[in-house]
Structures are given as C-alpha cells and as structure tokens.
Amino acid sequence: MPVPAFNVGDRVTVLPPFDQFYPGVWEITGINPDTGALQIADGVDFDASYLAPAEEE
Amino acid sequence: MPITTLDGAIAGMRPPMPIIKTGIATAAVGAMRGYTPWYAPGNPGASTATAIGVNGEAVTPALGSVGGRIPRVNPSAGLNAYLGRLAMQASQAGTMWLIDRMWQNSGLSVTSAVGQPITSAALPARDNNGTANGAGVMAAIEWSATGGAGTPTVTLNYNDQDNNAGTGTFTAVASPPVGTFEIFTLGAGDTGIRSLTSATSFTQSATRTSGTQHLVLFRVLAQIDVTAANIGNAVDALTSGFPRLFDDTVLQLVWFPSVTTATNFVGQYIETQG
C-alpha cells in the first residue's frame, strides 16, 4: 500500500505500535531538517509509514 | 549466612575501591535520560563496546567488554555480598545510580524504521530475587558512538517479570553523545523485564541517522543525590537499604545530570561480605 505524502499542518493519526503512546489526532508541526522525518508533538520524528490522514468529522 | 547485624556489616567490609571518572557534555537534560561514564576514561578505565549481536549476552566480569566496571570479587562459598558504602562527589549537581549491568547487545540498526527482532540470551540470576525472572530489571539504549539528529519515539516489546507481554517506550534525544543512557518506561503494572522474544522487539518511528546503540538490561542497586556541585554525598549499609550483590554483579554508574556541562566524578565503593 503506498504511503501518503504529508505536509506541515496536515492532521494525522499515529499507527501501531506507536498509537498507544500517541493516541488521537495530531498536527504535523515540522520536518526534521536533517532526516526529513515528519514531526508531531513538539519534535517527535515519524516516518510517513507510521502516519495516516485523520478522518475529518 | 546472611549479615543480620550492623556489627556483621562492619566486620565484613572489603577494601574501598576508588572511582575517578572524566565525563563529557551530555545530551539535553530530560526525564528518563541519563549519562553513563562506562566508556569514559578514569579509574576504572573505559569499557569497550560489545560486538555480541542483537540477541545479546548475559554480562559477567569475565567478558572482555566490561573493563570499566567497578572492581569487586565474589564472596567465598556460603557468604553473601552487600553494598557497604558508596560515596560520590561531582562537579555539577545531579543524581547517581549504581546499577548491575546484567545484559547487553549490539547490532541494532540506528536508521531502520521497522521492527527489529531480538531473541534475548537469558538474563543472569541477578534480579531483585537472585533469579533470572526479571524482577526489578530495567532497559535502556546506551550509545557507544555519538548518534545523529533523528528524534523518533522508540518502543521495546518485552516479556515482563511474570512473563506477560509488555511494551516500553522513550522519546529519543537528538545527537546523543557517547554514554547517553535512554531508559524505557515499562507498561502499566510491570516492574521488570525477563526477556525479549518478539519479531518486533525494538522499533524506532524514524531514523536516528548515525551512531552506535546498545540495548542494556540492568538492576538499580543504589542512588546518591548530589545536591550541589563539588559537595559529596554517600549512602551506607543502612541508608542504601542494604542491597544484596549477587555473584558476578557488574557495577556501572549512571548519572542523571541537572545541566549538560561536562561533569567529573570522584567517589568510593565499599562492599561488605558475610
């Protein structure tokens, strides 16, 4: 399954196994300039494969 | 026969072992993040990084990689060993743990963002109860070569002290210097780690770019609060809670700094046996 592309400001959910520590919906707040990883929660890096677009209510 | 009186503890005191270690500037100060002078020069000298592989090894004084342990010898048959006194002065305020380094590995990828399997070699029988069941055993990622700029979250799937599945985690710090010691939380209700058997035992949510990391399993023996720079403190047989040191204990220091400033340590270790 292709990994979706994300941008800063996108709202996402975190996938297993990390969802138990980052439950709910998060906003992508930055991109690690050294690694390109997507950042939520004030700078925690995630590979795009661990994120999914949040379902809008 | 166990020591049961203060006179017995005094009578069993072994010669003091000096500790002088030269620390380096640490990673950003944070909860669950320590610094170990395991690879730092001094007395005892630096340890060398193990190359055993991801499934790891029980740590004993016989290993070539543990030259930086605080020296001690096992008691004679029929006798037990306990902490008699641990004194520590540091050039910055902080908190020092004395731990038993029980298990270590190597070969974990620092760049992989998928689960990494570990089938751990058995723990030595040195948990809180003198068994290999894992009571009181904690886990940390220790850096033997400086890490990169990635700041992922990291999970550890383990079997707990009762052999039930559990998951721990920490949030990585950027550019961890050598000696950075990132401690995993434990799952709800867990008080120790017995083993690692999962195909996804260790998972990073993103790359850490570079460096060399090791998973270490350990048991805390004692804590000293160094409340001010260059002012020493100590615990003894009474104030330490008189922890027992099981045969082949490998003594290591872990420092929880209050500032990132390079910190030097001067201390003394005394063991009592009886």
(request) Identify all residues within region B:196-221 that are surrounded by fewer than 20 Cβ atoms within 10 Å (Cβ to Cβ) and within 14 Å of B:LEU83 (Cβ to Cβ); write none if there are none. (result) B:VAL220
(request) From the list B:ASP248, B:ASP236, pick out the single residue that is closer than 30 Å to B:ALA87 by Cβ, open to solvent by 10 Å² or more (accessible area, probe 1.4 Å) and either touching a Pro at 6+ places or on another chain (Cβ under 7 Å) or modelled with pLDDT under 95 (or both). (result) B:ASP248
(message) For region B:127-134, check the following and say yes or no: at least one residue is touching a residue at least 12 places away in the same chain (Cβ under 8 Å), open to solvent by 40 Å² or more (accessible area, probe 1.4 Å), in contact with a Lys or Arg (Cβ under 7 Å, 6 or more places away or on another chain) and on the phi > 0 side of the Ramachandran plot.
(response) no
(message) Quick test of your reading of the structure: B:GLN204 fulfils all but one of (1) within 30 Å of B:GLN92 (Cα to Cα); (2) at the interface with another protein chain (Cβ under 10 Å from one of its Cβ atoms). Name the failing condition by number.
(response) (1)
(request) Take the residues in region A:23-34 that are surrounded by fewer than 21 Cβ atoms within 10 Å (Cβ to Cβ) and in a loop (DSSP other than H, G, I, E, B), then tell me which one is farthest from the other protein chains (Cβ to nearest Cβ). (result) A:GLY24
(message) So, A:ASP19, is that one within 13 Å of chain B (Cβ to nearest Cβ) and more than 8 Å from the chain's Cα centre (by Cα) or not?
(response) yes
(message) I need the strands (runs of 3 or more DSSP E) fully contained in region B:83-185, keeping only those with at least 1 residues that are among the β-branched types (Val, Ile, Thr), under 23 Å from A:PHE18 (Cα atoms) and within 14 Å of chain A (Cβ to nearest Cβ).
(response) B:153-160, B:165-171
(message) Here's a check for you: in region A:45-57, which residue that is part of a strand (DSSP E or B) and open to solvent by 10 Å² or more (accessible area, probe 1.4 Å) is farthest from the other protein chains (Cβ to nearest Cβ)?
(response) A:PRO53
(message) Anything in region A:3-16 that is part of a loop (DSSP other than H, G, I, E, B) and facing another protein chain (nearest Cβ under 9 Å)? List them, or say none.
(response) none
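Pick from B:SER210, B:SER195, B:SER205: which is closer than 22 Å to B:THR26 by Cβ, at pLDDT 95 or above and among the small types (Gly, Ala, Ser)?
Result: B:SER210 is the single residue among B:SER210, B:SER195, B:SER205 that is closer than 22 Å to B:THR26 by Cβ, at pLDDT 95 or above and among the small types (Gly, Ala, Ser).
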(request) Please work out if B:GLY68 is within 16 Å of the chain's Cα centre (by Cα), in a strand (DSSP E or B) and in contact (Cβ under 8 Å) with a residue 40 or more places away in the chain. (result) no
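The values are calculated or read from the model by the stated rules, or taken from the named source; none is laboratory data. The structure displayed is predicted, hence computed values, not measured ones. As a convention, Cβ positions derive from the backbone with ideal geometry for all residues, glycine included, and neighbour counts pool all protein chains shown. Accessible surface is based on the protein model in full, side chains and every heavy atom, while ligands, DNA and RNA are left aside. Shrake-Rupley method; radii C 1.70, N 1.55, O 1.52, S 1.80 Å.
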